[in-house]
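Structure, as structure tokens:
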């Protein structure tokens, strides 16, 4: 299993060198622990100024979300066989990598340090998800993306209206159409796979797991 994931990781080198996929390997585990430390340190700093806390928390959470989407998409692209799912994962990977670059500038303006890797828990959850057989992974991935993007669109629209910082508002406004595009493509892919993309009941034997992002 360790060799299997090592192969996946080698195939998953992201275009953003700052985004890493942590594994059981000491180096990656160290990166994961460092990411957790960075997040905790930033939360401590954010708590000291309630007047800017909401905007900074959004930036920190959005960064984690971008990394989650990019890392998971890279893993999915390397394993699934369905071309619609591959195209969806490729689109999500490219767009969230670009979004992370834009968000990094916003974070710098707010003096928020972003982690350069994912914490251990979401990393392991992605590993488990990507160990599934290809046909099962395809459906689980699309179900997760449907749930994540539906929640993200609501959150980003709220931030676009309520954020106090102008750069945060502009970032949210710019990303909303991209998230909506992803959501539409997810629903089309779900239909092609023969799974539900709405509120109607899932076909017998289908299931929507908790999102690995925890979002």
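The values are calculated or read from the model by the stated rules, or taken from the named source; none is laboratory data. Bear in mind that the values here come from a model prediction, so they are computed numbers and not experimental data. We place every Cβ from the backbone using ideal geometry, glycine too, and count neighbours over all the protein chains shown.
Looking across 133, 177, one residue alone is under 18 Å from residue 65 (Cβ atoms) and loosely packed, with under 15 Cβ neighbours inside 10 Å. It is 177. Take the conditions (1) at pLDDT below 95; (2) surrounded by 14 or more Cβ atoms within 10 Å (Cβ to Cβ); (3) closer than 26 Å to residue 176 by Cβ; residue 15 misses just one of them, which is (2).
With the structure loaded, tell me whether residue 84 is part of a helix (DSSP H, G or I), farther than 28 Å from residue 170 by Cβ and over 13 Å from the mean Cα position of the chain (by Cα) or whether it fails that test. Criteria met by residue 84.
The set of residues from the range 103-127 being in a helix (DSSP H, G or I) and at pLDDT 95 or above comprises 103, 104, 105, 106, 107, 108, 109.
Residue 203 meets each of the listed conditions (1) at pLDDT 95 or above; (2) over 26 Å from residue 78 (Cβ atoms) apart from (1).
From the list 89, 99, pick out the single residue that is crowded, with 22+ Cβ neighbours inside 10 Å, within 18 Å of the chain's Cα centre (by Cα), in a helix (DSSP H, G or I) and modelled with pLDDT of 95 or more. Result of the check over 89, 99: 89. Do the conditions hold for residue 170, that is, is it assigned to a helix (DSSP H, G or I), farther than 19 Å from residue 88 by Cβ and at pLDDT below 95? The answer is no for residue 170.
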